[in-house]
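Reading through the structure tokens given below for one structure.
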Amino acid sequence: MQHDDTFETWAAKAVARRWPRDRIDKIATLRGDLSTRRFWRVSIAQHKESIASQGETGAPPTAILVDLGPDDFPHYVRALNLIRGRRYEPPWIDVHRALESIGAPVPALYDADLARRAMLVEDVGELSLLDAVRRPGADAADLFRLAASELIRIHVDGTGQIDRRCVAREIGYSGRLFEWEMKEFAEVGLAAVAPGADFSPVAPELKRLAARLDHFPHVFSHRDYHGHNLFIQDGPRIRIIDFQDALMAPAAQDLAVLLTTRDTDEFITPAIERRILDFYCAGLVRRGIPTTLDPAEFMSSYRLCVLQHALKMIGRFEMFERGGKSGYRRYIPHALAQARRMLAEMRAEFPELCAALSA
């Protein structure tokens, strides 16, 4: 990983190339995600002539400097050998080009240096979807409908139009991957939420869950489409980040992540959840998309995706804490509640899991 000064020097040159009259004023480190990537907010001092012509040539007040880090792909891609051959372009740039081609509201890419693994991209602000929902007077249903609208664009236009060479086309959210993701639940998650529970009778049910998910049709999927990766701008308008792990997945997977990740149960009630799901399905009909799943099958796919995601995150949050990344264990009760809620609808399919989690 390169020293910060190297990135700051590159950023200064990138700004000068893009906006010759303007320069960097200051750079502030931003809190990153759980990957090896790093981020800085770059404040740009605009020349007075640039300000006068900002609509055409002037720099924005801020931009985001990104260090892509040493790893292009998440661990599961290497562990399951999901990529054939070598990729010479970072997935962020590949998927960004694909999403931009269908009009998805992703940040603009101002400049990139693949050798330095550096990018300068549009700053979409600091108001995440979850922060917006928590504002006084906010309407959670309206804001999440905006997110669902963009999800329809990704699922419909992305599946139908994105270049077949896009890296996301090569990786499938298969039953093998769904099962692999629940390893941490097997290793530490079950013991964290059900001390003393025997995992052996649960194991076949996790395999069955993954196998069930393997049979649903796939669409182009963001994969991590939740309220911390969605931002609200005036309009209101949704902006989408953190899309580099896009793949092909059951449509309900993105919806499960959007509506049930972490503590969304504080404002996404079952009634709002149903309204968003109905809005999504109606949106497909409005787009003239032939449905491969009837309403009952779609809801089944959604329940299975929510259950798998909840079990995965129980294990992952517990593993984060044991690895020294604090602050995640507080989300485990929310994930457990989501798992129990789904199991209440599927007792006959997963009796051992119901018993272990007291669902």
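The values are calculated or read from the model by the stated rules, or taken from the named source; none is laboratory data. Keep in mind it's a predicted model, so treat the numbers as computed, not measured. We place every Cβ from the backbone using ideal geometry, glycine too, and count neighbours over all the protein chains shown. Note: accessible area is taken over every heavy atom of the protein model, side chains too, but ligands, DNA and RNA are not part of it. Shrake-Rupley method; radii C 1.70, N 1.55, O 1.52, S 1.80 Å.
A few comments on the model shown:
- Test item: Cα-centred dipole of segment 208-338, Lys/Arg +1 and Asp/Glu -1 on Cβ, debye: 140
- Taking Cα centre as origin and charging only the Cβ of basic (Lys, Arg, +1) and acidic (Asp, Glu, -1) residues, the dipole magnitude of segment 203-283 rounds to 220 debye.
- Segment 88-158 versus segment 328-359: alpha-carbon centroid distance in Å: 31
- Total formal charge among the other residues, if their Cβ is under 15 angstrom from that of R274, Lys/Arg +1 and Asp/Glu -1: 0
- Segment 57-158: GluC sites (Glu not before Pro) in DSSP coil with no more than 15 other Cβ atoms inside 10 Å: E126
- For segment 73-212: rounded, prolate or oblate by the Cα gyration tensor [a/c cutoff 1.5]: oblate
- Highest mobility in the GNM of the chain, judged by mean-square fluctuation with C-alpha springs under 10 Å and restricted to L65, L343, L80, is found for L80.
- The chymotrypsin sites (Phe, Trp or Tyr not before Pro) found in segment 80-137 that occupy coil by DSSP, while having at most 10 further C-beta atoms within 10 Å, are Y88.
- Dipole of the chain [Lys/Arg +1, Asp/Glu -1 at C-beta], most positive-end residue of P195, H47, Y225: H47
- Between D5 and I27, the distance separating the two model label sites (each 7 Å from Cα on the Cα→Cβ line) works out to 1.2 nm.
- Within a Gaussian network of the chain (alpha carbon springs, distance under 10 Å), most fluctuating of A12, A98, A141: A12
- Between A16, A310, G323, the Cα set farthest toward the positive side of the dipole of the chain (charges on each charged residue's Cβ, about the Cα centre) is that of A16.
- FRET E, pair S43, I289, Förster distance 41 Å, beta-carbon r, rounded to 0.05: 0.40
- Placing unit charges on the Cβ atoms only, positive for Lys and Arg and negative for Asp and Glu, gives segment 288-330 a dipole magnitude near 400 debye about its Cα centre.
- For segment 232-359, the share of accessible area belonging to carbon and sulfur comes to 54 percent (1.4 Å probe, ligands and nucleic acids excluded).
- Summary of packing: across the peptides 170-183, 200-213, the per-residue average of other C-beta atoms within 10 Å ranks them, highest first, as 170-183, 200-213.
- For the chain, DSSP calls about 95 percent of its internal beta bridges antiparallel.
- Taking every protein chain into account, the accessible area of segment 4-140 amounts to 53 square angstrom per residue (probe 1.4 Å).
- Gain on full extension, evaluated as 0.36 nm per residue between R329 and S101 minus their Cα-Cα distance, stands at 78.2 nm.
- Residues in segment 239-359 average 40 Å² of solvent-accessible surface per residue, probe 1.4 Å, ligands and nucleic acids excluded.
- Overall form of segment 1-151 per C-alpha gyration tensor (a/c, 1.5; a/b vs b/c): oblate
- Carbon plus sulfur fraction of accessible area for segment 112-207, probe 1.4 Å, in percent: 49
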